[in-house]
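Reading through the C-alpha cells given below for one structure.
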Amino acid sequence: MIDGATCDIGIGQRPSKMAPTMDEPSSKSKKDYICTTTQTYVSRSADVRDATNLNSRGKSVILAKSTIHSDFGNIVVIGRYCHIGEGTELIPTVIPRSNDPLLRNVRRQDSTEASKPTESETALPLVIGSHTRIDANTRVQSVSIGSCVRIGSNCKLAPRTKIYDCCIIEDFTELPPDMVVPPFSRVRGSPGRIVGTLPECTGSEFVDSCVQSYENFVRELE
C-alpha cells in the first residue's frame, strides 16, 4: 500500500453480496476443541474421517459440524492460519484408474456425492493453501485452493475445480466441474463467473486478517 491508501477488497463488509460471511464459532469453550501439536483447533463435533490422512500445517481452526473426507485414500492438506467454517465439507475429487487420457480426469457422471473410490477409481489430493478462509455450509470438491483465498458461505465447488491465490468466491457461488479461477479474481453466481479483479495488496491484507482472526479465536477461548 502506498501513502496510507487502503486495500478495498471487501473484508468484513456485507454490502450487496460483496464479501463472504464471516461466520463465528457456535462455541468458544476450550473443552469443545482438540488442540493438535501444530496448534490447530479442531471442534470435537467436527467429523474428520481419517486423521492420519489430514495434514494440517498449523494454527488453523476447524469448526463444528464440518466434515473432512480424508478417508478416500489420499491426503487432505490444510495450510497455516486457515479457517474451516461450520458445516463445511471437504471432499477429494475421485477419478477413474485408467490409461486412457480421455477418461483420466473424468469422474463418473461428475458425481457430487461423498462416495469413496471403488477399486477402479482413485482419489486426488485436496490441497488448501495458507491464510485461506472457507465459511459455513460450503461444499468443496476441488483439486486445490491457493493461499489467501476467501470462499463464502453456502458455496459449491464441483470436482476438479482449481482456485489460484488471492481470490474471493462470494456467498452462494457454484463453480462448475473443471473451472479454473486465476489469481486475483472475484467470482460470483451459479454457475460461477469472474466478475472482477482484486488489487495486488490482497495477499498481504488476507495474511493479516487470518493471523488476527486466529489470535482472537485463541484469546477468546474460555
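Structure above, values below:
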item	result
Residues that are of a type in the set (A, V, I, L, M) and crowded, with 18+ Cβ neighbours inside 10 Å, drawn from the range 51-63	L54, V61, I62, L63
Residue satisfying all of: in the range 77-100; aliphatic (A, V, I, L, M) and farther than 15 Å from S56 by Cα; surrounded by the fewest Cβ atoms within 10 Å (Cβ to Cβ) among these	I95
Residue that is surrounded by the fewest Cβ atoms within 10 Å (Cβ to Cβ), among those in the range 39-50 that are farther than 19 Å from S147 by Cβ and of a type outside the set (G, A, S)	R44
Within the range 121-137, considering residues that are at pLDDT 95 or above and among the β-branched types (V, I, T), the one surrounded by the fewest Cβ atoms within 10 Å (Cβ to Cβ)	V127
Subset of the range 186-222 (residues that are of a type in the set (S, T, N, Q) and in contact (Cβ under 8 Å) with a residue 60 or more places away in the chain)	T202, S204, S209, S213
Selection from the range 186-222 of residues that are over 17 Å from R80 (Cβ atoms), outside any strand (DSSP E or B) and out of contact with any Cys (no Cβ under 9 Å at 6 or more places or on another chain)	G189, S190, P191, R219, E220, L221, E222
Members of the range 130-143 found to be of a type in the set (D, E, K, R) and in a strand (DSSP E or B), listed by number	R133, R139
Index of the failed condition, N216 passing every other in (1) touching a Phe, Trp or Tyr at 6+ places or on another chain (Cβ under 8 Å); (2) closer than 19 Å to S130 by Cα; (3) surrounded by fewer than 19 Cβ atoms within 10 Å (Cβ to Cβ)	(1)
Unmet criterion (only one of (1) in a strand (DSSP E or B); (2) modelled with pLDDT under 95; (3) not hydroxyl-bearing (S, T, Y)) for V77	(2)
Qualifying positions in the range 144-185 - assigned to a loop (DSSP other than H, G, I, E, B), under 11 Å from the mean Cα position of the chain (by Cα) and touching a residue at least 40 places away in the same chain (Cβ under 8 Å)	S147, C148, G152, S153
Meets criteria (modelled with pLDDT of 80 or more, closer than 22 Å to C166 by Cα, out of contact with any helix residue (DSSP H, G or I) (no Cβ under 7 Å at 6 or more places or on another chain) and aliphatic (A, V, I, L, M)) for I34	no
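The values are calculated or read from the model by the stated rules, or taken from the named source; none is laboratory data. Source: prediction; values computed, not measured. Glycine gets a Cβ as well: all are built from the backbone with ideal geometry, and neighbour counts include every protein chain shown.
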